[in-house]
Amino acid sequence: MDQRSIEILEFPLVRARLAERTSFGPSRRLAAALAPESDPVLVARALDETDEARALLMARPGAGVAGARDIGPWIDRAARGGRLDPTHFLEIGATLDAIARLKPILAEVRTPLLRDLGRELHPLPAIASSLARSFDPAGELLDTASARLGGLRAAVRIAFDRLKRRLDTIVGGELAGALQEPIVTMRNGRYVVPVRAEARGRVKGIVHDASGSGQTLFVEPLAIVELGNAWREAQAAEREEIERILDELSTLVGGSAGPLRESLAALARFDLWLAKAGLAADMDAVRAETTERAEVVLLSARHPGLSGHVVPIDVRLGDGFTALVVTGPNTGGKTVTLRTLGLLAVMHQAGLHIPAAAGSRLPVFRSVFADIGDEQSIAQSLSTFSGHMRSIIRIVAEAGPGTLVLLDELGAGTDPTEGSALAQALLDHFIRAGALVAATTHYAELKAYAHTTPGAMNAAVDFDLETLSPTYHLTIGLPGGSQAFAIAERLGLPDAIVGDARSRLSESQRAFEATLARIREAEGETADALAQARTEQARAAEALRTADEERRRARRERDEIARRAREEAERLVADLRSELEAARRSLERGQLTAPGIDAVLERAEARLGQLPAPADVAPPPAAGERAPAWRVGDLARSRSGGWGGRIASLEAKSRRATLEAGALRVSVELDDLERPPSGSAGEAATAAGVAGGPGPSTNVAALRLARARSVPMSLDIRGARVDEALDALDRYLEDASLAGLERVTVIHGLGTGALRDAVRSESSGHPLVKAVRAGERGEGGDGVTVVQRG
């Protein structure tokens, strides 16, 4: 990207706004260094970062890096073997706390960039707990920082208390008459008393200082020297332990310098993403669609630097024309149009959302060039025209396909005839070079050029002659007028002077203005027709959107009805199972009579009758409709019976298929088969042997109920041969499974134990059996086997 053009377009001001939204130094530096990219992959990733951050802030408004500090210098010092100060450890601890709060948030998100960023965060709980155990919030070392520190500090306190008590005794009694004042003070780190000079002989001790007049000597009495030494030694031991602790913690931090640096960098990037998202929300910005074509479509675009009431503009460039000539009166918004176009293109390629409406499209430019503003330089002896030419010459050398060129007041600052000719030649060059170019001008010749030249298009900024103020509205397809005569008249210039000015126009100039007026009229009609067409298109799109919303609403209502039906079916089935289980327990205790069984069955049938009918059973195929081609292993179900499962075998001659679900196998006609409902729920239900839909198949439940009426709670195989007994046991277990019996009893007697062992061995390996045990006391003991069905 051209750095001078980036500055001309005021992108540094956008960076400054972005930096203000960051939370700490590392992310602030990233914001200050943000630059547009020319690689579409990098641009797409940067825009994805902003998208994911905006979505996260909507879901988790409190997410952020609050408490994080710029600990990079402290990590480097510790890695080099230096000792860190307590304040440095406090900042490291606060940053680790921020990492620990953020990591689980990012672990829960489903967006890939944030999830990957979360993997770069390392809370380092060992370091965090060590720091929390060692320092209080003010940065003071706690007694718990080491095993010895608490004891050493206690020794310091004890030594000081002894010293203080002895000093109080000396000052209060022994040497009271020799003291200038009954106080204790400190000199050179030692406690001393103020002794009068003439009483020096009465106080034995060490003189540490004297007053300015020499009348007072500060003496450390010999009686407290040893106590003072003991106190100083205890303090030295405490300082040595503190230094050891700081060195040890510094080594701990230095040993984790790599993870700490990676975490700090991840925090900075995350905070920058949040700043980009916050800036987008402030500007009510959207993500522009990135196009592969060299085409610009900006809808309701607004310059980010404007405040107050901002009139949005629509800008199109590249679709049918690659040069846009913007004309109109001064202060009408021509230059703002160029700046808006250029700045929004740069913001887009820096990964920022742009202040425009949805549907805006921008390509990824190789570079953006801008020549806007006064290039006059007294120091370099350059006129305005020369300054512009030097800039334009540089742009001419570099412009080409994939570049955007913005030229303000093209050809101005010199003779109008030569200036307009030069401007037309430059526009021709940029069109041939394949660049997209937008230029502002007052030259009438350029308006005619844009009307007659393929690849060029006029655009006008509107001016309200009633209020003598610009509307800042951009109309593409119409040339603008300077409105000099009209503005002069409205401001009160005498009509005679204005009329004289008009008369001085040549016939060709008046004809040219008349031609431009006809062009504006014709293109205005075209623009009105186009606006009407766009309005109709918008209405059609709105109708389509409304219809689509209605379809989605109907689908949601249908899904809600199905969900309620499913829940009701599950509740009824659960009640039925509880009823049957209660009946089974009563039957085991011998408390259930025949009328009681009939009552249970009547209640069960009544509950089954309340089950909702399957809503997704497909009708039989219409006449002429091709039946599906079935293969072994396909999921299928019977329309008439409700059976579902996988196709275990196909019989071509009889046109029948065998459905298998668990231990259950059912033969069904091929014409009676249908595909199960799509989706995991329907397929899972079919694979389990029940019809898909809001509830279990009533056919399966009815079959179980019928089986429950005939299958006994026990099987008596006493006296049977082993092979006969095992065959009967297999059939009985299948019947018990269909009947829904959770536990059954097999009576085989004691005998030699051969039949018992065979029964228990066969039952243990049976696919329908969960557990096998010998009968307990009261159940028949070792003469029976109790089988728990799986």
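Key figures
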| item | result |
| --- | --- |
| 1.4 Å probe accessible area per residue over the range 232-338, in Å² | 41 |
| Cross-link reach list, lysines versus Lys447, counting only Cα pairs under 23 Å and skipping chain neighbours closer than eight places | Lys334 |
| Cα-only Debye scattering, the range 168-252: base-10 log of I(q)/I(0) at q = 0.17, 0.25 Å⁻¹ | -0.68, -1.18 |
| Proximal lysines relative to Lys103, as straight alpha-carbon distance under 16 Å, when same-chain residues fewer than 8 apart are discounted | none |
| Asp2, Asp284, Asp116, reordered so the largest accessible area comes first (probe 1.4 Å) | Asp284, Asp116, Asp2 |
| Global geometry of the range 81-124, whether rounded, prolate or oblate, following the gyration tensor of its Cα atoms and the 1.5 cut on a/c | prolate |
| Three-way shape call for the range 165-204 based on the alpha-carbon gyration tensor, with the a/c threshold at 1.5 | oblate |
| Accessible surface, 1.4 Å probe, highest first, among residues Thr414, Thr144 | Thr144, Thr414 |
| Volume in Å³ per residue [convex hull over Cα atoms, computed for the range 12-85] | 141 |
| Solvent-accessible surface ranking, highest first, for Met1, Met58, Met283 at 1.4 angstrom | Met58, Met1, Met283 |
| Cα gyration tensor category, rounded, prolate or oblate, for the range 109-260 with a/c compared to 1.5 | prolate |
| Pairwise Cα inverse-distance average, inverted: Kirkwood Rh of the range 6-54 (Å) | 11.8 |
| Partners for Lys770 among aspartates and glutamates (Cα-Cα distance below 12 Å; same-chain residues under 8 apart left out) | Glu742 |
| Restricting the range 288-334 to trypsin sites (Lys or Arg not before Pro) in coil, as DSSP defines it, with at most 12 other Cβ within 10 Å | Arg293 |
| Those GluC sites (Glu not before Pro) in the range 139-201 that DSSP places in a loop and that have at most 14 other beta carbons within 10 Å | Glu140 |
| For the range 723-790: accessible area per residue (Å², 1.4 Å) | 50 |
| In Å², nearest 10: area of Ser667 left accessible to a 1.4 Å probe | 60 |
| Spatial separation of Cα centroids for the range 712-731 and the range 155-215, in angstrom | 109 |
| Pair-distance profile P(r), taking every C-alpha pair of the range 110-159, with 5 angstrom steps and integer % | 4, 17, 15, 15, 12, 9, 8, 7, 5, 4, 3, 2, 0 |
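The values are calculated or read from the model by the stated rules, or taken from the named source; none is laboratory data. It should be emphasised that the depicted structure is a prediction, and the values quoted were computed from it without experimental measurement. Note that each Cβ is placed from the backbone with ideal geometry, even for glycine, and that neighbours are counted across all protein chains shown. The accessibility values were calculated without ligands, DNA or RNA, using every heavy atom of the protein model including side chains. Shrake-Rupley method; radii C 1.70, N 1.55, O 1.52, S 1.80 Å.
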